[in-house]
Amino acid sequence: MSPDSNPGKTEGTQDTHAEVTKGPDEIEVVDPVSAPDAEGRPRRVTRRFPLFTRDTARPEGGGRAAPRDAPAPARQWPILAVLGTVGLGLLLTAFDVFRYGILLIGAALLAGAVLRWVMPDVGMLAVRSRFTDIVTYAVLGVAIVLLALMAQPKPWLTIPYLKDTLHYTVNSN
């Protein structure tokens with residue numbers, strides 16, 4: 001059977017068993033499960049996920065944070081602000097002001113969570129769904145801030161039961 005003898009089948013694809021009648025400028029799809037593709041040929045529509053993914057969807061809120069005609073850094077200012085603050089925190093940590101540097105890194109992640117929550121489009125700061133991004137940035141930010149506050153020597157935050165809980169690892173006697 002040649003590809004021309006069955007209009008519902010294109011070369012290199014599986015037979016869709018769809019009967020198609022072509023009018024002057026229209027396509028009538030008889031099979032209720034098939035639908036025309038971009039070129040107008042009927043194809044089998046399935047709800048199954050494809051075996052191989054050809055493209056990825058943009059995350060929710062992953063649009064530009066500035067108009068299209070703005071330069072690239074201006075369009076991605078939310079991620080640049082978070083990364084710049086993290087870089088400043090790493091610089092402070094490198095200059096032996098580690099507690100303030102680590103606090104700044106945690107604050108940058110918390111600011112990223114707030115930006116992701118408040119702004120509709122945050123550019124490349126959007127990685128996953130809005131909820132997942134907010135939870136991830138917030139949990140990591142709070143954990144880093146708490147660890148910076150409890151860091152030795154002279155912790156700014158002491159948790160009374162922490163030494164009892166970890167007494168085998170904290171005390172050597």
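The values are calculated or read from the model by the stated rules, or taken from the named source; none is laboratory data. Everything numeric in this text was worked out from a predicted model, so none of it was measured. Here the Cβ positions follow ideal geometry from the backbone for every residue, glycine too, while neighbour counts run over all protein chains shown. Accessible surface is based on the protein model in full, side chains and every heavy atom, while ligands, DNA and RNA are left aside. Shrake-Rupley method; radii C 1.70, N 1.55, O 1.52, S 1.80 Å.
Compute the distance in nm between two label points, each set 7 Å from the Cα along the Cα-to-Cβ direction, one at residue 127 and one at residue 143.
Result for the modelled spin labels: 1.2 nm.
Heavy atoms only, 1.4 Å probe, whole protein assembly: order 68, 99, 128 by accessible area, highest first.
68, 128, 99
According to the square roots a ≥ b ≥ c of the eigenvalues of the Cα gyration tensor, what is the shape class of region 76-173, taking rounded for a/c under 1.5, prolate for a/b larger than b/c otherwise, and oblate for the remainder?
Note, shape of region 76-173 comes out oblate.
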